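One structure below.
The values are calculated or read from the model by the stated rules, or taken from the named source; none is laboratory data. In this text the structure is predicted, and so the values were computed from the model without any measurement. For neighbour counting, all protein chains shown are included, and Cβ atoms are generated from backbone atoms with ideal geometry for every residue, glycine included. Heads up: the accessible areas ignore ligands, DNA and RNA and are worked out on the full protein's heavy atoms, side chains in. Shrake-Rupley method; radii C 1.70, N 1.55, O 1.52, S 1.80 Å.
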Amino acid sequence: MTKRLLTAAIGVPFAILIIYLGSLSPHIISAATDIISVMAVFEVLSAAKYTRYRSITVLSLLFSALLPLFFCYDDLRPFAIPVSFMFLVMIFGATLMRHKEIKFEELGFIAFISICIPFAISTLAFFYFQWPEHAIFLVVYTLVSAWVADGGAYFIGTAFGKHKLCPEISPKKTWEGFFGGLITTVIAAVLLGFGYELLDNLLTNEQHFTVNISLLVIVAVVSTFLGLMGDLIASLLKRQCGVKDFGEIFPGHGGIMDRFDSVMLVAPFIYLMFKMFFPITMIV
């Protein structure tokens, strides 16, 4: 517990700094999500013991580094398909050269991880390119929707949890913890919405917009379910790989993937919701 709290005390201000710097230059948040994506892919490949295929690992990490850039920058987007094709050709070639060692299902897993993780995490950078004036709020709301649910479930589940949620995959998760995380996430969504309005009014001395609290709450509820799903998928993968955590970069929390597993489905979902029902209604 002490390690978790100490890591959070250091990590949260650092994350806030990166989010703020991203508002000054979207290239900063793009670079940050790029680094996180590569590290997460490497952690998963290491847990699955696929890094023994060095040539394919190098190709996977290079592709994972390039993919978020194609999504974020319009000038690079035309290169997405050619580079993806080259990636597939090269890993297929490496597989043929080492066909006695590499199984096809391993190759499919590597390709899947190399695409899905960077796509999901780089969604956080999309906000800065799509809605730069509200990007800080949107990214904070996204991370809070994932992490507050996780933290609330952990503390409430530890204190009051009795009914197991999914004992075969994650024995410590309970229904009490899940509903505790759901309630804390909804409360956080409401506070963020009102807080964002209040902060803008204080800074500008006039009301520029109102936040659609109802939609934020609905999105927060669905995000809680998706965050749990991402967490359970990561737990299942760790169980099948025979590891406790994906890494040790965050003492008490694990690795990059351990911290971002609940973000994997939440971030793309929230981006789509904001894209379709942009919940900030401009007044002026």
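Take every Cα pair under 8 Å whose residues are at least 6 apart in sequence, average their separation, divide by the length of the chain, and the relative contact order is 21 percent. Of the residues Lys164, Lys100, Lys238, the one that moves most in a GNM of the chain with alpha-carbon contacts below 10 Å is Lys100. For Cys72, Cys166, the ranking by accessible surface with the largest value first comes to Cys166, Cys72, using a 1.4 Å probe. Residues Asp261, Asp150, sorted by accessible area with the largest first, give Asp150, Asp261 [1.4 Å probe; ligands and nucleic acids excluded].
How big is Rg to Rh over the chain, alpha-carbon atoms, Rh as the Kirkwood inverse-mean-distance radius?
On the way: Rg = 19.9 Å, Rh = 20.0 Å.
Ratio of gyration radius to Kirkwood radius: 0.99.
Counted over all Cα-Cα pairs of the stretch 145-247, pairs farther apart than 19 Å make up 52 percent.
For the chain, what does the helix formula give at 222 nm: sum of -39500 (n - 2.57) over DSSP H segments with n ≥ 4, over the residue count, nearest 500 deg cm²/dmol?
Numbers: 11 runs with 213 residues, N = 284.
Calculated at 222 nm, the ellipticity per residue is -25500 deg cm²/dmol.
Counting lysine pairs in the chain that sit 8 or more residues apart in sequence, or on different chains, and whose Cα atoms lie under 16 Å apart gives 11. When Asp245, Asp258, Asp200, Asp74 are compared by accessible area at a 1.4 angstrom probe, the order from most to least is Asp74, Asp245, Asp200, Asp258. When the trypsin sites (Lys or Arg not before Pro) in the stretch 7-87 are filtered for DSSP coil states and for at most 13 other beta-carbon atoms within 10 Å of their beta-carbon, the remaining sites are Lys49, Arg52. Taking all protein chains as shown and a probe of 1.4 angstrom, Leu165 keeps an accessible surface of around 30 Å². Taking only the C-alpha atoms of the stretch 1-156, Rg followed by Dmax gives 17.8, 53 Å. Most fluctuating residue of Glu176, Glu168, Glu133 in a GNM of the chain with Cα springs under 10 Å: which is it? Comparing Glu176, Glu168, Glu133 in a Gaussian network model of the chain, the most mobile one is Glu168. Mean projected area of the Cα convex hull of the stretch 69-108, taken over all directions, amounts to 3.2 nm².
Here the stretch 106-157 is treated as an ellipsoid with the same Cα gyration tensor; its semi-axes, largest first and in whole Å, are 25, 22, 4.
Among Phe246, Phe112, Phe87, which one shows the biggest mean-square fluctuation in a GNM of the chain, springs joining Cα atoms closer than 10 Å? Taking springs between Cα atoms under 10 Å, the residue moving most is Phe112.
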